[in-house]
Amino acid sequence: MKTVVSISLGSESLDYDFKTKFLGQNFRVVRIGTDKDLAKAEALLEEWQTKADVIGLGMVREHQHVGVYKFTQNSTKALEDKVTEVPVTTGARLREILQDWAIRHTQMEVKSFFDNSKILFFSGATNYRAAQVMSEYTNNLIFADPIRHLGIPKFLTSLSSLELYAAGTHQLLKWKAPYVLSPSIAPVGDWNNFIIRKAMHKADMIAATYEELEEFGLEELGGKTVLSSSISDDRLAVLGEKGVDMVVDYTPKIFKQVVSINVIEAMILAASEKSIEDLTDDDFLEIIAYHDIKPRLLYPTGFKRKSRFAFVIHPLSQEHISKIKPLDVVQKYAPKSIMN
């Protein structure tokens, strides 16, 4: 029997320990939350690397790929370096594939659902691949990275600006806030929270983890679509109470217990006995297709169809323009070449 354990910086209240069958093999799957206690997480990693076949890391900052740039999260790498006996994964590779697939699946299932949508990403750097796919359907992308990472009260509003920001060449990174605007000063944090809430209110869809949404009290989610992961029945009920129309959960529910993507990726690594570098996107897609794994489209308050469209009212002819009172003087005195 293969053993996979997920050491998470998240809440202990979500812990589980169950046995199941996956990819033709028997598994014991364990999750242990540490409530953001890094020392406890390090101790658990030391303990479980002698007991598990693969270890997953949950609720950590994932290493990011934005454009041609790769960014290493030092705190996450420190945890990964504690594991020397067995493979360790954050699930980042599989998450990108599942996000891509979930967005395209939703666009097909709910017929052009993302066309012209206004989409707010709490972190464009973490969700870069999802943003790339979304850009095929809409230009209305908003990224809160400068606000949440640097305390700069400014959104990024295009994929190209996100790439420049990640590369360190964006003009926002050249601007230094005066002391009175320091993120450590309480009024600035309050202001940043306010403008994010305002952006949430205006957005059609919000891409964020459940924990990120909780930071804002879930009060601005009425009528919204949420792109998130690992949404349990309890969390779905809370989102429903807040008026969320639809949740696109890109983490498939393979087992009775809702598990995180790092767990699924760890199970794939354990079953295949390959390193993450040896597995291709096609390998992951083959597993997804073989098991008929699908993203979850969840409707907390029942199905609701939304359409975004624009219509243009235009004159049928120059003669039609001439009949409009405010323009009759223009028609009388303007040369024909101007009217043409």
> Please state the equivalent ellipsoid semi-axes for the range 1-119: what are the square roots of 5 times the Cα gyration tensor eigenvalues, largest first, in whole Å?
Replying inline: 30, 20, 14
>> Using amide H atoms built in the peptide plane, which far-off residues or other-chain residues are under 5 Å from Phe22 H to H?
In response: Phe27
>> Skipping prolines and chain starts, which residues have an amide H placed within reach, meaning under 5 Å, of the one on Val54, given they are 5 or more residues away or on another chain?
In response: Thr3, Val5
> What spacing in nm lies between the two simple spin-label points modelled at Glu12 and Glu109, each 7 Å away from Cα in the Cβ direction?
Replying inline: 3.6
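Of Lys154/Lys202; Lys118/Lys198; Lys51/Lys256; Lys21/Lys256; Lys202/Lys253; Lys70/Lys253, which ones are farther than 20 Å apart at the Cα?
From the list (Lys154/Lys202; Lys118/Lys198; Lys51/Lys256; Lys21/Lys256; Lys202/Lys253; Lys70/Lys253), the Cα-Cα distance tops 20 Å for Lys51/Lys256; Lys202/Lys253; Lys70/Lys253.
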> By a straight-distance test (C-alpha under 17 Å), which aspartates and glutamates pair with Lys77 as possible cross-link partners, with residues fewer than eight away in the same chain excluded?
Replying inline: Asp37, Glu42, Glu46, Glu62, Glu85, Glu277
> Considering only Leu45, Val88, Val110, whose Cα is most displaced toward the positive end of the charge dipole of the range 32-129, charges sitting on Cβ of Lys, Arg (+1) and Asp, Glu (-1)?
Replying inline: Val110
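Given R₀ = 30 Å, FRET efficiency for Lys118-Asp282 by Cβ-Cβ distance, to 0.05? Spell out each step's value before the answer.
On the way: r = 34 Å, r/R0 = 1.12.
Working from the Cβ atoms, E equals 0.35.
Could you please report the charge total around Phe18, scoring K, R as +1 and D, E as -1 over all other residues with beta-carbon less than 12 angstrom from its beta-carbon?
+3
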>> Please enumerate, by chain and number, the aspartates and glutamates with C-alpha under 14 Å from the C-alpha of Lys294, excluding those fewer than 8 residues away in the same chain.
In response: Asp100, Glu109, Asp249, Glu286
> Quick one: net charge of Ala203's neighbours, Cβ under 11 Å, K/R +1, D/E -1?
Replying inline: +3
>> Probe radius 1.4 Å, ligands and nucleic acids ignored: give me the carbon and sulfur share of the accessible area of the range 35-159 as a rounded percent.
In response: 47
>> What figure, in Å² to the nearest 10, do you get for the accessible area of Thr72 with a 1.4 Å probe and non-protein molecules left out?
In response: 80
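Using the Cβ atoms and a cut-off under 12 Å, what net charge is assigned to the surroundings of Asp81, where Lys and Arg are +1 and Asp and Glu are -1? If you can, show how the numbers build up before the last one.
Values: positive: Lys77, Lys82; negative: Glu42, Glu46, Glu80.
Combined, the nearby Lys, Arg, Asp and Glu give -1.
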> Measuring from centroid to centroid over Cα atoms, what is the spacing of the range 92-158 and the range 19-83 in Å?
Replying inline: 25
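The values are calculated or read from the model by the stated rules, or taken from the named source; none is laboratory data. Every value quoted in this text rests on a predicted model; they were computed, and no experiment measured them. Glycine also receives a Cβ, built like all others from the backbone with ideal geometry; neighbour counts cover every protein chain displayed. Ligands, DNA and RNA are stripped out before the accessible areas are found, and what is left, the full protein with its side chains, is counted by its heavy atoms. Shrake-Rupley method; radii C 1.70, N 1.55, O 1.52, S 1.80 Å.
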